Amino acid sequence: MQIKITTESPDTLKREGLALGFFMDERPPRGACGLVDWRMNGLISREIARGHIAGTFMEKIFITSPSRLAISKILLIGLGALPELTCERLYLSGYLLSETMDGIGCKDFVFNLPAAGRCHLGISDMTEAMVRGCFDFLSKDIEKWATASTGILVEESHLEDVITGLQNFKRHVRDVSVIDIT
């Protein structure tokens, strides 16, 4: 399993898939999800306003071939209310996003750290929780493990904390993953 860190903007990524967390109490969406919403001319905001999506915990929304983006698949994962965000929820979201991307045959995807730097959780803890969730799903099958290319979309100012979280993760799994920093 390769884990790559990227500080690219979500609207310039050239990957197969992008997984974004969003919250039921943030209207319009903020962070990477907000930028993607803006690049898609408010598609996510319109669907929220229409009541088609809500951001409830573990809600999954799949968008294919979004115009104005180089990514062909976008997965939105509801995280509930921002004040209720925990490392356990991030772990479950990491597991769900790997399971879902695998289910649609997407082996090259990037995910963001939802609300990084604007919630009560430390970024290194958030990173470790989401990566552990991804890892726990993918490690069930050595084929999936060997072929997955997972990336973390981070802001430049959070890079050091994300690296710390990845190092903590790596230490806990006895150095079985390859971590590339791009």
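For region 70-82, in order, what is each residue's ³J(HN,Hα) by Karplus, 6.51 cos²θ - 1.76 cosθ + 1.60 with θ = phi - 60°, in whole Hz (x at glycine and Pro)?
So the Karplus estimates, Gly and Pro as x, are 7, 8, 8, 9, 10, 10, 9, 10, x, 10, x, 7, 3 Hz.
What residues qualify as long-range amide H neighbours of Leu20, i.e. H under 5 Å apart, gap of 5 or more or another chain, H built at 1.01 Å from N?
Leu75, Leu76, Ile77
Size of the dipole of region 2-181 about the Cα centre, Lys and Arg at +1 and Asp and Glu at -1 on the beta carbon, nothing else charged, in debye to 20?
That gives region 2-181 a dipole magnitude of about 360 debye.
Taking R0 as 35 Å, what FRET efficiency do you get between Cys87 and His52 from their Cβ-Cβ distance, rounded to the nearest 0.05?
E(calc), rounded to 0.05, equals 0.75.
Counting other C-beta atoms within 10 Å, and keeping those with at most 13, which DSSP coil trypsin sites (Lys or Arg not before Pro) do you find in region 79-182?
Arg118, Lys140, Arg174
Whole-Hz ³J(HN,Hα) for each residue in region 55-69, computed from phi via Karplus 6.51 cos²θ - 1.76 cosθ + 1.60 with θ = phi - 60°, x for glycine and proline: what do you get?
The phi angles translate into x, 5, 4, 6, 5, 10, 10, 10, 10, 9, 6, x, 5, 6, 10 Hz.
Using DSSP to define loop residues, name the GluC sites (Glu not before Pro) in region 82-112 whose beta-carbon has at most 12 other beta-carbon atoms within 10 Å.
none
Rounded to whole Hz and in sequence order, give me ³J(HN,Hα) for region 104-109 from the Karplus expression 6.51 cos²θ - 1.76 cosθ + 1.60, θ = phi - 60°, writing x for Gly and Pro.
9, x, 9, 9, 10, 9
In a Gaussian network model over the chain where Cα atoms closer than 10 Å are linked, find which of Ile77, Ile152, Ile142 has the largest mean-square fluctuation.
Greatest mean-square fluctuation among the candidates belongs to Ile142.
Can you tell me how region 66-156 classifies by the Cα gyration tensor, rounded, prolate or oblate, using a/c under 1.5 as the rounded cut?
Oblate is the answer for region 66-156, as a/c is 1.5 or above yet b/c matches or exceeds a/b.
Pairs of Cα atoms under 8 Å, at least six residues apart: use those to get the relative contact order of the chain, whole percent.
So the answer I get is 32 percent.
Read-outs throughout are calculated quantities, based only on the coordinates presented, and are distinct from any laboratory measurement. Computed from a predicted structure; not experimentally measured. A quick note on method: Cβ atoms are made from the backbone with ideal geometry, for glycine too, and the neighbour counts reach across all protein chains shown.
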